[in-house]
Amino acid sequence: MIEVSNLHKDFGLKQVLRGVDLKINTGESLTIIGQSGCGKSVLLKHLVGLLEPDKGTVFVDGEAITGAPRKQVYQIRKKFGVLFQSAALFDSMTVEENVGLGLFEHTAMTPGERAKRVADCLEMVSLNGTQKLKPAELSGGMKKRVGLARAIALNPQYILYDEPTTGLDPITADSINDLIIHLNEELHVTTIVVTHDMVSAFKISDRIVMLHLGTVIFSGTPSETKSTSVEMVRRFIEGEAEDKSVVTHY
Amino acid sequence: MGRVIRESGAVVSRRHLFFRECVRLGIDSLPLVLIVGAFTGAVSGWQGHYQLEGYLPFDLIGPATFKAIVLELGPVLTALIIAGRVSASIAAELGSMKVTEQIDALESMAISSTRYLAVPRIAAMTFMMPILVAQANFVALMGAAFVLTMILNLTSTQFWGLIPNFFYIYDVFSGLLKAFFFGLSSSMIGCYIGFRTTGGAEGVGAATITAFVWSCLAILILDFLLAMMLF
Ligand SMILES: Nc1ncnc2c1ncn2[C@@H]1O[C@H](COP(=O)(O)OP(=O)(O)OP(=O)(O)O)[C@@H](O)[C@H]1O
Ligand SMILES: [Mg+2]
């Protein structure tokens with residue numbers, strides 16, 4: 001279980017998080033939505049201790065990762081797989097080395113076992129056979145999927161997905177949705193997804209929360225989300241920029 | 001800094017990274033170092049000849065050039081050239097990893113970026129710098145000998161004759177000790193600045209320049225401090 005309590009984070013004069021409270025139950029599939037720049041990626045980075053908050057705490061299975069000594073932070077991070085918004089592949093390494101790095105560092109696998117696990121992970125994102133390529137030789141969507149393969153390689157308990165389907169065609173996006181569901185339901189991975197893709201959000205999540213102006217303003221199941229009366233959420237789902245009335249002035 | 005020392009055991013457990021950096025930062029610098037060495041030697045031979053002409057016997061050119069090279073010119077010029085090449089390249093590489101979230105990715109995988117990225121580079125540079133300087137010294141001496149005997153018509157006994165009398169192992173050693181500290185400081189500056197890079201490609205460019213400037217300054221200042229301590 002992850003518990004975020006009263007999380008605050010500023011960058012200079014810019015207040016990004018202003019008291020986020022959020023509880024993510026073990027086994028849950030949670031989607032975080034919110035406008036671009038509202039701090040979703042910043043929130044994810046706090047969950048694995050990549051950013052230190054100005055105020056507030058993040059507990060992972062009851063242990064505070066915020067302010068913990070480095071050794072303990074690393075122990076907690078081993079429970080996580082993270083897919084970065086930019087994929088963040090190591091560009092000096094091949095696809096195989098990217099996906100296998102965690103296995104190499106944290107397990108006693110033989111090279112053969114490692115190659116097998118890497119191939120399995122790549123198979124899950126339909127990229128088996130790309131082992132020897134460098135990230136620069138991949139398309140944007142392929143990088144995302146290699147990033148996903150890397151995130152799942154060590155069988156983490158928690159997976160954080162920062163916009164897993166952005167930049168993918170609808171068919172590949174749907175296969176990624178299925179993979180996320182599979183990992184969540186079959187392997188009981190607690191899933192936290194940040195996305196703008198509402199089709200994906202409705203399909204994969206048990207619960208959707210919305211981040212706005214630095215706090216969580218809404219939390220509900222997909223069907224509650226569809227029928228909500230909360231103005232911001234409704235506009236977000238329907239893709240409306242402003243109040244309709246503004247348009248009539250033109 | 002403290003973390004670098006605490007995690008320096010990684011040199012042994014991550015040997016493959018250390019050796020790769022030795023090749024990339026050290027051995028690949030060798031051609032440049034040899035050219036610098038040869039010309040440094042040549043010019044110090046020539047200048048020595050000009051300055052001594054008419055005042056002192058040419059027999060002293062050999063020892064004078066030798067000392068200038070091993071104590072000062074070899075370590076400092078080599079280090080400045082390498083600092084330019086290596087600290088800037090470390091800063092650029094780590095800086096672009098920082099701005100593209102690769103360092104965050106590494107850290108999120110519970111792999112220490114200090115241990116995995118900084119320690120091998122710093123260790124490799126600290127280890128390779130004295131070796132590079134020793135090679136530069138040798139080539140510089142040959143360069144000086146070439147200029148003096150082939151162009152300025154000294155006999156090789158005039159050049160080499162008195163060197164053994166003035167040869168102190170302490171001089172050579174202290175030159176190499178300087179090189180050790182130059183390698184340590186310029187690679188640490190490269191790593192430090194690389195890890196703190198922000199602001200995209202522009203930030204990486206700025207980090208590269210900053211690393212170069214600071215490591216050159218560090219070398220000149222350290223050179224002075226070490227000179228005061230050693231002699
Ligand atoms: N390291 C940083 N330094 C300074 N400002 C930052 C940093 N990281 C994020 N920000 C700022 O924090 C705000 C939130 O950024 P974040 O990346 O979390 O947005 P987001 O919700 O993920 O948006 P998107 O949907 O576009 O990815 C942005 O305004 C950004 O400028
Ligand atoms: Mg984001």
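Taking the Cα centre of region A:115-162 as origin, work out the dipole magnitude from +1 charges on Lys and Arg Cβ and -1 charges on Asp and Glu Cβ, in debye rounded to 20.
Details: 8 positive and 4 negative charges, 28 e Å.
Roughly 140 debye for region A:115-162.
What net charge is computed for the residues neighbouring B:Met128, neighbours being all others with C-beta under 11 Å from the C-beta of B:Met128, Lys and Arg scored +1, Asp and Glu -1?
Within the 11 Å Cβ shell, the charges total 0.
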**Fill in**
quick shape note, the protein assembly as shown: Cα extents on principal axes in Å, largest first -> 100, 56, 44
**Message:** Tell me which of B:Phe146, B:Gln47, B:Ile27 sits at the most positive position along the dipole axis of region B:2-230, charges placed on C-beta atoms (Lys, Arg +1; Asp, Glu -1).
**Reply:** B:Ile27
**Message:** Using 10 Å bins from zero, what percent of all Cα-Cα pairs in chain A falls into each bin?
**Reply:** 7, 30, 34, 21, 6, 1, 0
**Message:** From the alpha carbon gyration tensor of region A:90-154, can you work out the equivalent ellipsoid semi-axes (sqrt of 5 times each eigenvalue) and give them in Å, largest to smallest?
**Reply:** 18, 12, 10
**Kirkwood-based Rg to Rh ratio, region A:1-146, C-alpha trace** = 1.01
**Asked** Comparing A:Ile159, A:Ile217, A:Ile192, which has the greatest mean-square fluctuation in the GNM of chain A with Cα pairs linked when under 10 Å apart?
**Response** A:Ile217
**Prompt:** Taking the radius of gyration and the Kirkwood hydrodynamic radius from Cα positions alone, what is the Rg/Rh ratio for region B:1-133, to two decimal places?
**Reply:** 1.17
**Asked** Kirkwood hydrodynamic radius for region A:136-250: how many Å is it when counted over pairs of different Cα atoms?
**Response** 15.9 Å
**Complete:** Quick calc: nm separation of the 7 Å Cα→Cβ label points for B:Gln135 and A:Thr107 -> 4.0 nm
**Request:** Excluding residues on the same chain fewer than 8 positions from B:Lys178, give the lysines whose Cα lies under 25 Å from its Cα.
**Result:** B:Lys67
**Message:** Let me check the size of region B:137-208 from its C-alpha atoms; what are the radius of gyration and Dmax in Å?
**Reply:** 21.0, 60
**Request:** Quick one: pull the percentage of alpha-carbon pairs in region B:2-230 with a separation above 29 Å.
**Result:** 35 percent
**Prompt:** Which one of A:Phe236, A:Val16, A:Gly167 is farthest out on the positive end of the charge dipole of chain A, using unit charges on Cβ (Lys, Arg +1; Asp, Glu -1) and the Cα centre as origin?
**Reply:** A:Val16
**Gain upon complete extension [A:Ser223, A:Glu240; 0.36 nm per residue less C-alpha separation]** = 4.2 nm
**Prompt:** Which FRET efficiency value, to the nearest 0.05, is calculated for A:Ser5 and B:Ala227 with the Förster distance at 56 angstrom and r the Cβ-Cβ distance?
**Reply:** 0.50
**chain B, relative contact order [Cα under 8 Å, separation at least 6], %** = 35 percent
**Request:** Could you please put B:Thr198, A:Thr225 in sequence from largest to smallest accessible area, using a 1.4 Å probe?
**Result:** B:Thr198, A:Thr225
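Find how much the distance from B:Ser13 to B:Leu217 grows on full extension, using 0.36 nm per residue of separation minus their present alpha carbon separation; answer in nm with one decimal. Present the calculation step by step, with values, prior to reporting the outcome.
Numbers: separation 204, 0.36 × 204 = 73.44 nm, distance 3.30 nm.
Length gained between B:Ser13 and B:Leu217: 70.1 nm.
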**Request:** Using the Cα centre as the reference, give the magnitude of the dipole from point charges on the C-beta atoms of chain B (Lys, Arg: +1; Asp, Glu: -1; all else neutral), rounded to the nearest 20 debye.
**Result:** 540 debye
**Prompt:** Under unit Cβ charges (Lys, Arg +1; Asp, Glu -1), what dipole magnitude, rounded to 20 debye, does the protein assembly as shown have relative to its Cα centre?
**Reply:** 780 debye
**Asked** When the helix-only estimate is applied to chain B (DSSP H runs of n ≥ 4, each -39,500 (n - 2.57), divided by the residue count), what is the mean residue ellipticity at 222 nm, nearest 500 deg cm²/dmol?
**Response** -23000 deg cm²/dmol
**Message:** Projecting each Cα onto the charge dipole of the protein assembly as shown (Lys/Arg +1, Asp/Glu -1 at the beta carbon, about the Cα centre), which of A:Ile208, B:Ala38, A:Leu101 comes out farthest on the positive side?
**Reply:** B:Ala38
**Asked** Modelled label-to-label distance, A:Ser92 and A:Gln15, 7 Å Cα→beta-carbon offset: nm?
**Response** 4.2 nm
**Request:** Pairs to check: A:Lys45/A:Lys132; A:Lys143/A:Lys226; A:Lys14/A:Lys143; A:Lys23/A:Lys226; A:Lys79/A:Lys144. Give those whose C-alpha atoms are more than 24 Å from each other in this structure.
**Result:** A:Lys45/A:Lys132; A:Lys143/A:Lys226; A:Lys14/A:Lys143
**Prompt:** Hey, rough spin-label estimate for A:Leu187 and A:Asp206, points 7 angstrom out along Cα→Cβ, what's it come to in nanometres?
**Reply:** 1.8 nm
**Prompt:** Which whole-number value in Å³ per residue fits the convex hull of the alpha carbons of region A:139-182?
**Reply:** 63 Å³
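The values are calculated or read from the model by the stated rules, or taken from the named source; none is laboratory data. None of these values were measured; they are calculated from a predicted model. Quick reminder, even Gly has a Cβ in these numbers, built from the backbone with ideal geometry, and neighbours come from all protein chains shown. Accessible surface areas use protein heavy atoms only, side chains included; no ligands, DNA or RNA. Shrake-Rupley method; radii C 1.70, N 1.55, O 1.52, S 1.80 Å.
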